[in-house]
Structures are given as C-alpha cells and as structure tokens.
Amino acid sequence: MHGSAFRHKLLTVLLLAPATVWLVVFLVLPFVAIVVFSVGERAPEGGYQAAFTMAQYANLPARATAFWNTLILAPVGAFACLLVAYPVAYYLALRAPERWRLILLALIVIPFWTSLLMRTYAWMYILGGRGIPALLSYIGIEDLRLINTPGAVLLGIVYGYLPLMILPIYVSLERLDRRLLEASADLGAKPLSTFVGVTLRLSLPGVMTGLSLVMILLLGEYLIPSLLGGGKVFFIGNALVDLFLQSRNWPFGSAIAVTLVFVSVVVLIIANRVSTRFSGARQVDLI
Amino acid sequence: MSKSYRDGLPITSEEFVSQLMRLKRGSIGRRDFLGLTGLGIATAVLGRELGLSPTPVNAAENLGDRMSIATWPNYHDPATFENFTKDTGVAVQVNVFGSNEEMLAKLQAGGSGWSLYVPTNYTISTYKKLDIIEPLDMSKLGNFDSKSEDGRFTAEGAIDGVVYAVPKNWGTTGFAVNTKKLAKPMTTWKDFWDVAMAEGDGRTMVHDYQLTTIGNALKYFGFSFNSLKSDELAKAEELLIKAKPHLFAVSSDYQPPMRAGDAWMTMCWTNDGAQLNRDIPDIAYVLGKEGGEIWTDFYAIPKDAPNKPAGYALLNYLMNPQVAVKEHLANGAPSTDARVNALLPKEVLDNPILYPAADLLSPLEFGAAATLTDPARAELMARFKSA
C-alpha cells in the first residue's frame, strides 16, 4: 500500500518534470533576469550595468502614449476579431454539414503554418498601390490609399488572429446541448432571445478564452502596426523593440516589459472573472 | 547605416523564372544560373553540411572547412563566396542583419561564431571600447593597399594608429524623389521637409532610424547632422512632430512603396537610390546641399572569432580588386579603392548617384559614435514616433 502510493507520487513527479523544467528555464529564469535588469542602469555604450534604482519605473510616463495606444488597440482588435469569428464558429459548430466540418476547420488552421511576417508582408502588397487600388482604378476609383491606414492595421489584426478566436468559440458551441435550444423554442422564446439567452451565454467561456488570447497577444504586437500602419502609430511592442535593438536601453526596456506582463495578468484575471460570473455560475445540466 | 533585413530579396520570383528560362534555352550556363539566383551559395552551405565540400588544394595555413560572416542583405555577389570555397575548401555561412545595433548586441553577447563582419564607421570605436574587435594583422592582408584607398574612408577604421577595420564600400544618405509625382526641383533638406508637408503630403517616408531622421531634420536649420545640443535638438523635434501627420510612413523599408507608387519621396541610402533609379528612371536621388551623412561599411574580425585564419583569408580575398569589382557591381555601392574604381565600367563611375560631385560631398559628415548611443536622441525619436 505504502509502496504503491510512493510509485504514484514518483510517476506524478516524472510526468510533470519536463513541463516544470521548461517553464523554469524559459519563463521563470528569463523573467527574473528581466526584473533584475529593470532595476539596473543603462551602460554608457548601451546594454545593462548593475545598479539598484527605481529610475526606470519612474521613467515609465515617457512611454505613456505607447501604453495608451496599446490599451486601445488590444480590446478594439480583439472585439473586431470576435465579430468576424463568432458567425464562422457558429456556422461550423451548428450549421455546417458533418462531412465538411473537418475540412473547413483545416482550412482555418492551415494559414497558421506560414509565418505571420510572411502573411503580413503579403498584405503590404495586396493593399499597396499595385494591389487592390490598381484594380479599383480600372472601375474609376482613383488614388485610393489603403496601406498605412488604421483600417489596414485592423484588417491585418483580424486576419492574423482570427483562428485563435474561432477555435475556442467553436469548441464551446460544439459542446452545446441542442436540446436546450429546442426547449427554449418550445417555451416560446423567439430565435433572437434563444440566441442571446442560451447560445451566446453558454458559449461565453469560449468567447472569453478567445478574447483574452487575442488581447494578450495584441498587447505585445509590433509587426502588424509597423508593416501595415507604416510605423506611424507607436505601440508598446514597438517601444520595446526600439529600446532593446536600437537605443539598447535594456533596463528601461525591462521595466516596460515587467509592466506589460503585469497588465497582461490583470487582463487575464478580469477575463476569468467575467467568464465565470456570466456563464459558469449558471451552468445548466439536463442529465 | 542601418539596412532593413527586408531591403529586397536576393532575387525576385520573376527574375528567378527568367534566369531559369535562360538556363533552359542554354543562353546561360549552369554555373551562371547558380550564381545569379543564389542557389549556388545555398548549395555550398548545404554541401558543407553533407560533407560534399571540396577539400583544400594548396592552403598554406590550415583554414578549417567552414567560417561564418555577418553582413547586410543584398551586399555581396554570391559567386564571391562560392569561388572562395572552391579555392580554399572553406564553406562560408552568411548571416544578414537589420541594423548595426543588432550586430553589436549579438557580438557583445558572445559566441556569435563570426570570423568576419561588416560594421559601419560609427560603431567601430564602440567595439574597441567593449574590447571585442581584433586589431588587424596587416601582414595577413597582402591584397590591401592603403595607398590606393581614399584616406577619408580608411581613417574611420583606425583608432590611435591601430587598424581595426578596412573599408568595404562607402555611400551617402540623401533622398529619393519620384519626379513624375513631385515635379518641383529639390536640392536641399529644407526642400525635403517643406514638400513633405505640402505637395508630398501623405506620400513621404522617413527612416525608422534616429541617426538619419533626426540628423536630416537638424540639417533643415543648418545644424550639424551629429548635433547633441539640446536647443538644436529641440528645434529638430518641433519640425519632426509638425511633419509627422503628413508622413506616409516611418520605415526603413522604403523600396517597395516607392516602387509601387504609394510613396513619392523618401530618405534613402546610396545603393537603394541607385537601384530605384536604375529600375524606375523617374526616381531621382538628391543629396541635400546643406550636407547630411556620408558612411563607410568596413570589414572587421571579432576578437572571439572561432576561425581567424579563414577570416583573414576571406578578407584578403575580398581585398583583391578583381574580386571587389564584382562585389561593387552586385551591390551598387561606390568603392573606396582606386584600383577597384579603375576596373569599374565608365557608366558606373559617371553615375552621379554613386559618385556625386565634390561640392555635394564636402559638407557631408560621418555619423559619430556618440550620436548613435546618445539617450537624449533615442528619447526624441520615441517622442516623434508616438506623436
């Protein structure tokens, strides 16, 4: 009895070991290094030199605009993704013929196999002067500029992050007990109120997962704004790239990175609260 | 000078297909095809991994069988490295970088594995201060001739009489204008900024690089390109922030939008200016009369180079004028070596983009190390970008 409990424990430890080592080496240790850097000073030639100062954190307002732009981009981009993703996920889970479902899902995931840089670069050409505007000029719409506009950035974000939004919503809709929909209709609810009261509510965990996934990735986004927005709007991701790779001010960059991690955690906590509050607490089970 | 890693692929798909067709028709040989498309280099690198590389024939010194170089995109004739491999048995692995700062960060972190790299003038003193650059043993560089080099360029490679780097090529930072869209003749940085806020509204690009963007804004007022004076920087900042809403983009990847006609005017480095003008003659390259930047890219060897003998051997090989001339024809930047200039075709030497008139060159300034590492300029750039 004692021996089997020990074996059971050992097995648990062994199974968890790879993930633990991975997290410690690639998440915890780098984070500790960043925290240490963030209380240091920039060396005269750039980089880091040891110190203990809060000066970097005191300097955070110097990137206030970048933080502000990011805190607007992340939710706006995530909600734009949601608006496009929900109908697609709904169709896939509840309307698409069974035999097509797998193929359609694969079609959504396949673009992920190409790097985001490549796909975003392709959009630069599609939206650039020799792409869509050239086609539009054939039907008389002249001198339309699409590239380097806020709309181009939003399009790039929706395109790039759509699968991350569709998949969790699809999963939660697919698990939906159809009998609840019939019950709602039998009890006299109109389609719209069935959708809002039953479908949407029960798929909220998926919606919140999708929103927080996309929002957290958008908090660090820098590629799409610089390629499709012409680098004219400065996000916190762009500020980080400049601080580490251009001015080589690692301590200030680290302080911003620590702050960004903190903001991401807050976003996650809020998303989790909202999700359990509105759906989890009222989970209905017919069986 | 910073170059974006996307400055253009080594070969476009159209060009690749047309070369392939030429190969099929037999109008070029297989070797030319490999050289022109860059496939040869790729094969050489793969061949090394598979152990297919030729064995050294008569190497005086043991050069090993591989080395690695850090350089800029589109900066070499791929055939150069292939021929070096053929002669010495040393396969060359090429790493391309987006900016001097990235190169510096990688080398500073250690274990870069490079035996040769291509820093720009203003970073050499920083490498020296960090003690990560090798003082060159000139006896191993028989092909280098300081007498045939332009002293203006070699000076930037030496510190206290010790040579740390020898010049690869030089260039300038001016601006490119699509003269079909912006017909008004422009000759100064004042023109550049004024037109950017008027006729060129929404069609002008500036570099995503503080050295040149702030430097060229300083030139609007006639201040030094390298100024660190706070009152002068404040005026430059005012101009930059006033111009910001009129800009098409803040980006160093300006070739695609200039070619597509989305952008009409951009800050521009020599070699890009020459390439744009070669393909689209309506695009002119202008050097601001007030001055601006002149730069030189150098070859240097890191202190921790894993294969110094091969690094020296390749550097010496690249200093051979017969080899260097092909490099210049491939990357389009002007040469610092009179022996190379003597071999270049007349139309290259007569190209005012590559070899501008002396009166345009004399006011130009080399970027200074202090300009690049100055925190005040970095913060100014961040304020400009977030405005």
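The values are calculated or read from the model by the stated rules, or taken from the named source; none is laboratory data. From a predicted model like this one, the values you see are computed outputs, not experimental measurements. We place every Cβ from the backbone using ideal geometry, glycine too, and count neighbours over all the protein chains shown.
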> With respect to A:L218, is the statement that it is within 14 Å of chain B (Cβ to nearest Cβ) and at pLDDT 90 or above true?
Replying inline: no
> Can you tell me which residues in the stretch B:352-370 are away from chain A (no Cβ under 12 Å) and either buried (at least 21 other Cβ atoms within 10 Å of the Cβ) or part of a helix (DSSP H, G or I) (or both)?
Replying inline: B:I353, B:L354, B:A358, B:D359, B:L360, B:L361, B:G367
>> Step by step: first the residues of the stretch B:124-137, then only those that are assigned to a loop (DSSP other than H, G, I, E, B) and under 22 Å from the mean Cα position of the chain (by Cα), then the one that is farthest from the other protein chains (Cβ to nearest Cβ). Which residue is that?
In response: B:L136
> For the stretch A:214-239, how many residues meet the condition of being hydrophobic (A, V, I, L, M, F, W, C) and in contact with a Pro (Cβ under 7 Å, 6 or more places away or on another chain)?
Replying inline: 3
>> Of everything in the stretch A:242-258, what is facing another protein chain (nearest Cβ under 10 Å) and assigned to a helix (DSSP H, G or I)? Give them in sequence order.
In response: A:D242, A:L243, A:F244, A:L245, A:Q246, A:W250, A:F252
> What are the residues in the stretch A:129-149 that are surrounded by 13 or more Cβ atoms within 10 Å (Cβ to Cβ) and closer than 17 Å to B:D201 by Cα, if any?
Replying inline: A:G129, A:R145, A:L146, A:I147, A:N148, A:T149
>> Out of everything in the stretch A:37-49 that is at the interface with chain B (Cβ under 8 Å from one of its Cβ atoms) and in contact with a helix residue (DSSP H, G or I) (Cβ under 6 Å, 6 or more places away or on another chain), what residue ends up being farthest from B:T126 (Cα to Cα)?
In response: A:R42
> Of everything in the stretch B:87-123 that's outside any strand (DSSP E or B) and without any contact (Cβ under 8 Å) to a residue 60 or more places away in the chain, which residue is farthest from the other protein chains (Cβ to nearest Cβ)?
Replying inline: B:G89
> Out of the stretch B:182-202, which residues are among the basic types (K, R) and either part of a helix (DSSP H, G or I) or modelled with pLDDT of 95 or more (or both)?
Replying inline: B:K190
> Which of the residues that make up the stretch A:92-108 are surrounded by 12 or more Cβ atoms within 10 Å (Cβ to Cβ) and part of a helix (DSSP H, G or I)?
Replying inline: A:L92, A:A93, A:L94, A:R101, A:L104, A:L105, A:I108
> Quick one: is A:L176 surrounded by 14 or more Cβ atoms within 10 Å (Cβ to Cβ), modelled with pLDDT under 90, within 14 Å of chain B (Cβ to nearest Cβ) and not in a helix (DSSP H, G or I)?
Replying inline: no
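Yes/no matrix, rows are residues, columns are (1) within 30 Å of A:G47 (Cβ to Cβ); (2) of a type in the set (A, V, I, L, M); (3) touching a strand residue (DSSP E or B) at 6+ places or on another chain (Cβ under 6 Å); (4) not in a helix (DSSP H, G or I):
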{"residue": "A:L180", "(1), (2), (3), (4)": "no, yes, no, no"}
{"residue": "A:A183", "(1), (2), (3), (4)": "no, yes, no, no"}
{"residue": "A:T199", "(1), (2), (3), (4)": "no, no, no, no"}
{"residue": "A:L227", "(1), (2), (3), (4)": "yes, yes, no, no"}
{"residue": "A:L260", "(1), (2), (3), (4)": "yes, yes, no, no"}
{"residue": "A:S264", "(1), (2), (3), (4)": "yes, no, no, no"}
{"residue": "A:V267", "(1), (2), (3), (4)": "no, yes, no, no"}
{"residue": "A:I270", "(1), (2), (3), (4)": "no, yes, no, no"}
{"residue": "A:T276", "(1), (2), (3), (4)": "no, no, no, no"}
> Filtering the stretch B:219-246 down to residues that are surrounded by 24 or more Cβ atoms within 10 Å (Cβ to Cβ) and closer than 19 Å to B:W269 by Cα, which residue is nearest to the chain's Cα centre (by Cα)?
Replying inline: B:F225
> Taking the stretch B:72-86 as the search range and keeping residues that are free of Cβ contacts under 8 Å to residues at least 60 places away in the same chain and surrounded by fewer than 21 Cβ atoms within 10 Å (Cβ to Cβ), which one is farthest from the chain's Cα centre (by Cα)?
Replying inline: B:K86
>> Anything in the stretch B:203-216 that is away from chain A (no Cβ under 12 Å) and either in a loop (DSSP other than H, G, I, E, B) or touching a Cys at 6+ places or on another chain (Cβ under 6 Å) (or both)? List them, or say none.
In response: none
> So B:E232 clears everything in (1) modelled with pLDDT of 95 or more; (2) closer than 23 Å to A:G231 by Cβ except one condition, right? Which one?
Replying inline: (2)
> (1) touching a residue at least 60 places away in the same chain (Cβ under 8 Å); (2) away from chain B (no Cβ under 12 Å); (3) of a type in the set (F, W, Y): which one isn't true of A:F52, the others all being true?
Replying inline: (1)
> Can you tell me how many residues in the stretch A:107-128 are within 12 Å of chain B (Cβ to nearest Cβ) and either among the acidic types (D, E) or without any contact (Cβ under 8 Å) to a residue 12 or more places away in the chain (or both)?
Replying inline: 4
>> For the stretch A:11-38, which positions are exposed (fewer than 10 other Cβ atoms within 10 Å of the Cβ) and either touching a residue at least 40 places away in the same chain (Cβ under 8 Å) or of a type in the set (G, A, S) (or both)?
In response: A:A19
> Which ones in the stretch A:141-173 are within 14 Å of chain B (Cβ to nearest Cβ) and part of a helix (DSSP H, G or I)?
Replying inline: A:P150, A:A152, A:V153
>> Looking at the stretch B:327-337 only, could you name the residues that are in contact with an Asp or Glu (Cβ under 6 Å, 6 or more places away or on another chain) and assigned to a helix (DSSP H, G or I)?
In response: B:E327, B:A330
> If you take the residues of the stretch A:55-91 that are within 14 Å of chain B (Cβ to nearest Cβ) and closer than 30 Å to A:L173 by Cα, which of them is surrounded by the fewest Cβ atoms within 10 Å (Cβ to Cβ)?
Replying inline: A:I72
> Does B:E199 satisfy being closer than 21 Å to B:A387 by Cβ and away from every other protein chain (no Cβ under 11 Å)?
Replying inline: no
>> Testing B:S146 on (1) surrounded by 18 or more Cβ atoms within 10 Å (Cβ to Cβ); (2) in a loop (DSSP other than H, G, I, E, B), one condition comes back false. Which one is that?
In response: (1)
> Within the stretch B:376-387, restricting attention to residues that are out of contact with any strand residue (DSSP E or B) (no Cβ under 9 Å at 6 or more places or on another chain) and facing another protein chain (nearest Cβ under 7 Å), which residue is farthest from A:P61 (Cα to Cα)?
Replying inline: B:A378
> Just checking, which of B:P302, B:P309, B:P334 is closer than 20 Å to B:E149 by Cα and assigned by TED's automatic domain parsing to the domain that holds B:N74?
Replying inline: B:P334
